[in-house]
Amino acid sequence: TVRSEAQIAFQQFSTPPALAYLAVHLARLSDEDVFLEPSAGTGIIASLAQGLAKSSVLNELEPTRADLLEGIFPESHVFRHDGAKLGALLSGNTRPSVIVMNPPFSISQSRGEDANTAARHLRSALDHLLLGGRLVAIMPDWFTPSARYSKAFHYALEGARLVLSLRLDKGAYAKHGTSIAVRVIVIDRVAPGPAVSTINRQSVPELFEAILAIPPRATLREATPLATPRAGKLGFFR
């Protein structure tokens, strides 16, 4: 709950334990899964996922916290990349079947202030996720298909299905230095489906009570090479 100037500047807020538990709960991890956390921080989410998956891969750009993760999780592979570029930088490594993430919302290590930071991190993580895999993300409140943010929202989720959308009112991060509202979304890397309604509550326990059922996981499958290369057009975030 004590933040350094650098942590505040780069929006490095630890995930509240109750919210981290909710995110891991929604992931429905099994002992066959490869788990990835792209912005692992001090390991709050990773500690809750420990022992639930076959193996874990953690990524943290900040050197002190990356060193900490290596000490806490000696059996996990710890990378030190920019989470917004993870899909490209981890290309060739084992793809995860489950990702749980709490990315920075609007400050990028390489770009500085950038409103699309969280969406960039999400898109990069989805690109690295196995087909049929599940991603649970804690996102900023603006991340919706509303008219203002529609392009960023739909580009970030391209080729995937939003299966559950939760909103937690202001106050979840109050002890950690900010009082913003957040959204917890569950995404499966399968063909897009119908829109889902958002469940809005004041607290994490209320969200738990409001979830009637966690959507079942899809069947995992490896990506197949494209018959022809994609056209080299610029993406939305470029």
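All of the numbers you see were taken from the coordinates with simple rules; none came from a lab. Predicted model, so just to flag it, every value in this text is computed and none were measured. Note that each Cβ is placed from the backbone with ideal geometry, even for glycine, and that neighbours are counted across all protein chains shown.
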**Prompt:** Hey, which aspartates and glutamates would be in cross-link range of Lys54, C-alpha to C-alpha under 19 Å, not counting anything within fewer than 8 residues on its own chain?
**Reply:** Asp31, Glu32, Asp33, Glu37, Glu70, Glu75, Glu222
**Request:** Find out how many positive minus negative residues lie around Thr144, taking Lys and Arg as positive, Asp and Glu as negative, among other residues whose Cβ is under 14 Å from that of Thr144.
**Result:** +3
**Burial order of peptide ranges 77-90, 117-130, 31-44 (average beta-carbon count within 10 Å, highest first)** = 117-130, 31-44, 77-90
**Request:** With a ≥ b ≥ c taken as the square roots of the eigenvalues of the C-alpha gyration tensor of segment 15-104, please select rounded if a/c is under 1.5 and otherwise prolate if a/b is larger than b/c or oblate if it is not?
**Result:** rounded
**Asked** Could the peptides 208-217, 52-61 be put in order, highest first, of the mean number of other beta-carbon atoms found within 10 Å of their residues?
**Response** 52-61, 208-217
**Message:** Taking amide H atoms as placed 1.01 Å from N in the peptide plane, list the residues 5 or more away in sequence, or in a different chain, whose amide H sits under 5 Å from that of Val182.
**Reply:** Leu168
